[in-house]
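*Asks:* I'd like to ask you about the structure that follows.
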Amino acid sequence: MKNIEKEIRTINVGIDLGTSSTKVIYQIVELAGAGQQNAFIFDFGDNPEIYPPLTLPSYVIVHDEKYYFGLEAYLKMEISEAEFTSFKMCVACLMGITKCKKCNQYQTNSFDRGIFSYKEIEINAYDIMLFYLAYVMGIVCESLNKKYGDHFRLIYSYNVSFPLNYLQKKENNKLLEKLVFWAEDLKDIVHQGIPVKMAADALIKTYNRKSYLPKIEEKCTFVFSETIVTMHSFRVSATHDDGLYAIIDIGAGTTDISFFRLGESKGVDPLFSIYFDQSHNIGGDNFDQTLLDYLMIKFKNEILNFSNFLEVIKSAKQKMSDQNLFIITNFSLEWGLRKFQDICSENYVQLRNAFRETRCCAFKKEQDWKRWENINILIIGGGSKLPYIKDPIYNTDIPHFDWKPTFPDLQLPDNLDIVGSNISKNKLKDIFYYFYTAHGLSYHFDEYERSHYPDTVSNFRPKKIYRNFVDIDDQYSGMPDTTRLE
């Protein structure tokens, strides 16, 4: 019988590796522009209530000398020999980006400054993140191979994002590119229940066999900043009015902020100019830690398991947007939203200062007050549902300036769908703020090269940007409009 060559389908897998949970959206490249939906949210299945639907908990544990990942790790936490949560922040600690606050008396992972020794095997945060990424890539590929493999020859590529401050040093950028590259190599090996020693041995073989990154034309794994991919999702997802925009992505570990202008549109390709983007070490985990510190004082003799109690706090925080109360039933604790805001006041100040700092840096690129009075602000990420989250933006303490922010609703991209899930389109629209980054990541690397962003993606800087500004120290001085668009 004559063999019929299968048609090629290029699948780009966008992995939003969150500190708390991981989101994946993949695109079938050949269907782009064909009037079809070609971007699909990958459904990881049922989740505990503290996690958004369709996501995977960013958890890794060791139990009985084996690794477990995601939901399986979450369910086995109480019997684990070692648990690794928020390991993405532990990576930042090892890189010297931030001093990880999880290494304290309430820590809920087994790292000590990013290192853990297990039966004469030294495990670091880089290894845990790599194994977790390999597991995610493996289960996504396995599922898509079953779905499409009988009819098409599948070619995969992978995009993974990190906060901008992870990538600003060349050596950190290269290290993360290598970790993602090695994870792809291990995706067929890493699975639920893989022995710790087997994983360590496989990693050493990968190190030795693939010590150098391939040339750009041979690569199938790519690393992006979170700010670039959220701006890309904005640019391609819907029709927007010309004007000044900011995207504030409040995750569990970091808050990523970008300012940009959708320029005077000409035809189908409006001018897109980036003013400034920045990452800040403030996120939902900081609120959790503040609440934990407060409640540890109040109920110090009643809390026996820090890890379990932290999950209770996260669950209560998750439900606030629905019931307008922070409730912990076991301790007969019930707060109104203002009480929550008072206790977490320092965290709100940190968010305000983060937004203010990025806004000031962005304004220095233009310094024309009239063009900065009106701004459209999109707040995304899990932290976007915290109570009074808009207050830090309104209260940025800008003297002599009539600040008029508006908060448009997120628009669901036309090309996005869910396969095999009982979640409706209306429900998807309600939770899309979780998936904004993953949607930007689902676009193939070639799309970024053809876009308005950088000459090379690793620069994280656009081709078209506002020029002719005077960079002065006084960031509040009004300047004449000497700006022009290149």
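The values are calculated or read from the model by the stated rules, or taken from the named source; none is laboratory data. Bear in mind the structure is a predicted one, so any value in this text is a computation, not a measurement. Note that each Cβ is placed from the backbone with ideal geometry, even for glycine, and that neighbours are counted across all protein chains shown. Protein only, heavy atoms only, side chains kept; ligands, DNA and RNA dropped before computing areas. Shrake-Rupley method; radii C 1.70, N 1.55, O 1.52, S 1.80 Å.
*Asks:* Over segment 153-230, average the accessible area per residue using a 1.4 Å probe and give it in Å², no decimals.
*Replies:* Details: 3570 Å² over 78 residues.
I get 46 Å² per residue for segment 153-230.
*Asks:* Which listed residue (Val236, Gln350, Leu203) has the Cα farthest towards the positive end of the charge dipole for segment 197-355, taking +1 on Lys and Arg C-beta and -1 on Asp and Glu C-beta about the Cα centre?
*Replies:* Leu203
*Asks:* Next question. Expressed in nm², what is the orientationally averaged projection area of the convex hull enclosing the Cα positions of segment 154-198? Working shown, then result.
*Replies:* On the way: hull surface 18.5 nm².
Here the figure is 4.6 nm², rounded to one decimal.
*Asks:* In whole Hz, with x marking every Gly and Pro, tabulate ³J(HN,Hα) for segment 253-262 from phi via Karplus 6.51 cos²θ - 1.76 cosθ + 1.60, θ = phi - 60°.
*Replies:* Values, residue by residue: x, 9, 10, 10, 10, 9, 10, 7, 10, 8 Hz.
*Asks:* Same structure again: At a probe radius of 1.4 Å, what is the per-residue accessible area of Asp242, in Å² to the nearest 10?
*Replies:* Result for Asp242: roughly 80 Å² accessible.
*Asks:* If you don't mind, another one. Do the alpha carbons of any pairs in Lys23/Lys170; Lys404/Lys429; Lys146/Lys187; Lys66/Lys88 sit beyond 19 Å of each other, and which pairs? Write out the running numbers ahead of the final one.
*Replies:* Numbers: Lys23/Lys170 26 Å; Lys404/Lys429 26 Å; Lys146/Lys187 16 Å; Lys66/Lys88 21 Å.
Correct reply: Lys23/Lys170; Lys404/Lys429; Lys66/Lys88.
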